[in-house]
Amino acid sequence: MRVYIPATIAMLRELDANGEFRARSGTAFALTPGLREAYASGSDEELEYAALLDAARASLRLINAEEKGEPRRAVVSADVDNVTLRADLDAAVVRLDGPVVLSQIAAIHVDAAEAADAVAAAAAVIDAADLGDEDAEFTLGDAEDHELAWYAPQELPFLLELM
């Protein structure tokens, strides 16, 4: 199953150094039966993109939790065999049972440098947006207007070098 794992730049540095990646609390997002039910229509590609966007939003929570986090959303796309559906948390949430190794990673998605200010502002208000604050939701939208860039796993060292 293709999963989308929220990450930070610091987590990508760990992946580069260790050759494996551990999702925080084992949490990832995927095209699950629950996500398919949540949408009246949409192709698999569109629903996979919705799961990726959920992971990108979760990346904001990780950035907010880091003391000196780099303000760029990151999502690791990986193909894994063993996941547990967690519809009790959200329609697209799955739980991974262990680390993901580099050979399982299909792509890495990261914000471009010009998104940094919007991402930093969104990370600072993510909790307020979750609680329904309209101004915070507007700030979150500014960050989500930036598309994540796509990188092949073998490009990770070069990506990190440019940061």
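The values are calculated or read from the model by the stated rules, or taken from the named source; none is laboratory data. Being a predicted model, the structure only gives us computed values, none of them experimental. Counting neighbours? That spans all protein chains shown, and the Cβs are built from the backbone with ideal geometry, glycine included. Accessible surface is based on the protein model in full, side chains and every heavy atom, while ligands, DNA and RNA are left aside. Shrake-Rupley method; radii C 1.70, N 1.55, O 1.52, S 1.80 Å.
General remarks:
- Full extension of the chain between Ala116 and Glu45 yields a length gain of 22.9 nm, computed as 0.36 nm times the residue separation minus the alpha carbon distance.
- J(HN,Hα) series, the range 96-106, from Karplus relation 6.51 cos²θ - 1.76 cosθ + 1.60, nearest Hz, glycine and proline x: 8, 8, x, x, 9, 8, 3, 5, 8, 7, 8
- Taken along the Cα-to-beta-carbon direction at a fixed 7 Å, the label points for Ala38 and Asp90 span 0.6 nm.
- Residue-level accessible surface for His146, protein heavy atoms, 1.4 Å, Å²: 60 Å²
- Taking N as its residue count, the alpha carbon Rg of the range 79-140 over 2.2 N^0.38 Å: 1.51
- In this simple spin-label approximation, Asp16 and Glu147 carry label points 7 Å from Cα along the Cα→Cβ vector, and these lie 2.4 nm apart.
- Taking only the C-alpha atoms of the chain, the Rg (one decimal) and the largest Cα-Cα distance, Dmax (whole number), read 15.0, 42 Å.
- Inter-centroid distance (Cα atoms) of the range 1-39 relative to the range 44-100, Å: 4 Å
- Figure note: Thr32, Thr84 ranked by solvent-accessible area, largest first, 1.4 Å probe, ligands and nucleic acids not counted: Thr84, Thr32.
- With the helix formula -39500 (n - 2.57) applied to DSSP H stretches of n ≥ 4, the chain reaches a computed 222 nm mean residue ellipticity of -13500 deg cm²/dmol.
- Solvent-accessible surface (1.4 Å probe) assigned to Tyr39 amounts to roughly 110 Å².
- Dipole magnitude for the chain: about 640 debye, using +1 per Lys or Arg Cβ and -1 per Asp or Glu Cβ, origin at the Cα centre.
- Unit Cα scatterers, Debye sum, the range 33-73: log10 I(q)/I(0) for q = 0.25, 0.31 Å⁻¹: -0.78, -1.00
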